[in-house]
Amino acid sequence: MKRLFFLCGAAILAAACSDNTPKSVEILNESITLSAPANALSMTLSRGTFTFSNITTGVETALSYPVPAGTRLSEGLYNVTFSGEGVLEVSLSQTKNPAAAATEQITATLQGVANNVTVTSAGTFSLALSLSVVPEPGQGFVISELYYVGSAYAPDASGKQQQYNGDAYVKITNNSDSVLYADGLAFVESEFLTSTKQDYTPMIRDEAITADAIFVIPGSGRDYPVQPGESIVLCDNAQNHKEADESFMDLSKADFEWFTHSTSSSYPDIDNPDVPNLEIYYCYTATIFVMNKQGTKAYALVRMPEGMTKESYLNRYTYEAYYTNILGKPTTPRTYYKIPNEWVVDAVELRGCRYEFAWPVFDPSFDIGYTYCGDLNAGSIEYGRAIRRKVVSATESGLPIYRDTNNSTEDFDRNVIPSMQ
């Protein structure tokens, strides 16, 4: 279990006198830079809390904002989050001269994250956090359930489990109080791994997400209405997988499926003619697409612009990037597909239980945390379990309102029984 400590400058200074105490570093407010959201002209913070999570020990240390004088922190490698409140000055109109536009002040809940922050007495401590506004619940479509690990047959005599492909799915819910249309909504898997960070050149995370699979709901704009509180299911194979094993998923009534037209004898794809196929703008594999069972990818909902076609997207939204490998040599540039951040509706970062979380592969404003299935301590995958967004309240008519703070660590319940079982 993680431990949470609130530091007191005097207490830490006293403890530092012990010969057995690890080296510590003084944390100065002057060493911390908090940047306002991109659409804010100015920001005044009223209060907040930094949480320093030691990656090695799991110990969490909370520091109030502004940091009290004399505060010290033990050396180590940390993931740092900030949560607080402040007043933002925002423009009321889109103009080429923001200084001439009318403005207003709004009170907002703000948050930010920085990963792999080094605290060492051998150097000067510094921390830079870009803050984003925590959204109000009930604003639009959300990923309400993700069954990415998939199923497996019961363990054999040796305790091994044979994986089963085909019954993965994502449930998307209208978390607003009005009818929304699913036409043009895309389900996207990240190209980059949350378990491995490379310093890509260029790094475009603050502008776009990089995708290895893009599945788009077809339609002319109003073909697929989704009522408030209702959900749609996108899946791998829209079959009743209970015919293979009673513990597997029944996806025969799913709303859409991704059908990759795989003709591989080893990995054939199955099409249910009664369930509409998602339009595949791009997919990295020529066989079947399986969501990353290890949980080292991130997933997003994206609203494609009106009139966007597969051909126009593929022709316009690519970029080349490379990174420097462990030998210090640049890799050969590759072409990637990108999706502008302005199109992103919702996103979930995942961590694999057998792998450390190295970085958020999407811009942290979409998700300052991560979630997972399994047992981090044991490093084991939990087959047959899902992640599900928490319900925080209900409308007057009893419809659920899902938690959506752009922090998957807090927004999702883990290791739940899938609703499609």
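Any read-out appearing in this document is the output of simple, stated calculations on the displayed coordinates, not a laboratory observation. Only a predicted model underlies this, so the values are computations on that prediction, with no experimental measurement involved. Positions of Cβ are backbone-derived with ideal geometry, glycine not excepted, and every protein chain shown enters the neighbour counts.
Quick one: length gained pulling Ala286 to Ser126 fully straight, 0.36 nm per residue minus the C-alpha distance?
Numbers: separation 160, 0.36 × 160 = 57.60 nm, distance 4.54 nm.
Once the chain is fully extended between Ala286 and Ser126, it gains 53.1 nm.
Pick from Asp271, Asp250, Asp206 the residue whose mean-square fluctuation is largest in a GNM of the chain, springs joining Cα atoms under 10 Å.
With Cα springs under 10 Å in the chain, the top fluctuation among Asp271, Asp250, Asp206 is at Asp206.
Ordered by packing density, taken as the mean number of other Cβ atoms within 10 Å over each peptide's residues, highest first, how do 367-380, 47-60, 141-154 rank? It would help to have the intermediate numbers written out before the result.
On the way: 367-380: 18.6, 47-60: 16.1, 141-154: 22.3.
Peptide ranking by packing, descending: 141-154, 367-380, 47-60.
What is the sum of charges, Lys and Arg at +1 and Asp and Glu at -1, for the other residues whose Cβ falls under 15 Å from the Cβ of Asn116? Don't skip to the answer; put the middle values down first.
Working: positive: Lys197, Arg205, Arg351; negative: Glu75, Asp199, Glu349, Glu356.
Local net charge: -1.
What pairs in Lys160/Lys338; Lys242/Lys310; Lys253/Lys310; Lys197/Lys242; Lys160/Lys310 have C-alpha atoms more than 30 Å from each other? Walk me through the intermediate numbers first.
Values: Lys160/Lys338 39 Å; Lys242/Lys310 35 Å; Lys253/Lys310 27 Å; Lys197/Lys242 38 Å; Lys160/Lys310 42 Å.
Pairs exceeding 30 Å: Lys160/Lys338; Lys242/Lys310; Lys197/Lys242; Lys160/Lys310.
How far apart, in nm, are the 7 Å Cα→Cβ label points at Tyr153 and Ser91?
Calculated label separation equals 6.2 nm.
Distance between the C-alpha centers of the stretch 246-287 and the stretch 182-222? Whole Å please.
20 Å
Around Ser262, under 12 Å between beta carbons, what's the net of Lys plus Arg minus Asp minus Glu among the other residues? Please report the intermediate quantities before stating the final value.
Details: positive: none; negative: Asp236, Asp269, Asp271.
Overall, the nearby charge balance is -3.
Sort 301-309, 336-344 by the packing proxy (mean of other Cβ within 10 Å over each peptide's residues), most packed first.
Numbers: 301-309: 15.7, 336-344: 17.7.
In decreasing order of mean packing, 301-309, 336-344 become 336-344, 301-309.
Using a basic spin-label model with each label point 7 Å from the Cα along Cα→Cβ, how many nm lie between Ser397 and Thr196?
My value for the distance between the label points is 4.8 nm.
Only Cα pairs within less than 10 Å get springs; with that Gaussian network setup on the chain, which residue of Phe366, Phe125, Phe187 has the largest fluctuation?
Phe125
For the stretch 146-278, what is the charge dipole size about the Cα centre, in debye to the nearest 20, if Lys and Arg each add +1 at the Cβ and Asp and Glu each add -1 at the Cβ? Please report the intermediate quantities before stating the final value.
Details: 7 positive and 22 negative charges, 42 e Å.
Roughly 200 debye, rounded to the nearest 20.
If the reach is capped at under 19 angstrom between alpha carbons, list the aspartates and glutamates near Lys390, excluding any in the same chain fewer than eight residues apart.
Glu136, Glu145, Asp177, Glu230, Asp346, Glu349, Asp367, Asp404, Glu410, Asp411, Asp413
Would you mind telling me which residue in Ser264, Ser64, Ser126 has the biggest mean-square fluctuation in a Gaussian network model of the chain, where springs connect alpha carbons within a distance under 10 angstrom?
Greatest mean-square fluctuation among the candidates belongs to Ser264.
What nm value, rounded to one decimal, do you get for the distance between Asp250 and Gln105 when each label is placed 7 Å out toward the C-beta?
Going by the 7 Å Cα→Cβ label model, 5.8 nm.
Using a Förster distance of 22 Å, how high is the FRET efficiency between Asn415 and Gln161, based on the Cβ-Cβ distance and rounded to 0.05?
Working: r = 16 Å, r/R0 = 0.73.
The computed FRET efficiency comes out at 0.85.
If you average the sequence gap of Cα pairs under 8 Å that are 6 or more apart and divide by the length of the chain, what percent do you get for the contact order? Mind showing how you got there, number by number?
Values: 1020 pairs, mean separation 62.9, N = 421.
Value for the chain: 15 percent.
Quick one, which of (1) 50, 23, 21; (2) 38, 27, 22; (3) 34, 25, 19 is the actual semi-axes √(5λ) of the Cα gyration tensor in Å calculated for this model?
So the structure-derived entry is (2).
How about Lys23: which aspartates and glutamates have a C-alpha closer than 18 Å to its C-alpha, ignoring those fewer than 8 places off in the same chain?
Glu60, Glu75
Restricting to DSSP H runs of at least four residues, report the calculated mean residue ellipticity at 222 nm for the chain, -39500 (n - 2.57) per run over all residues, nearest 500 deg cm²/dmol.
Values: 3 runs with 18 residues, N = 421.
Here the helix-only value at 222 nm equals -1000 deg cm²/dmol.
Go through Thr318, Gly328, Tyr282 and say which Cα lies farthest out towards the positive end of the charge dipole of the stretch 278-332; charges sit on Cβ, +1 for Lys and Arg, -1 for Asp and Glu.
Working it through, the farthest residue towards the positive pole turns out to be Gly328.
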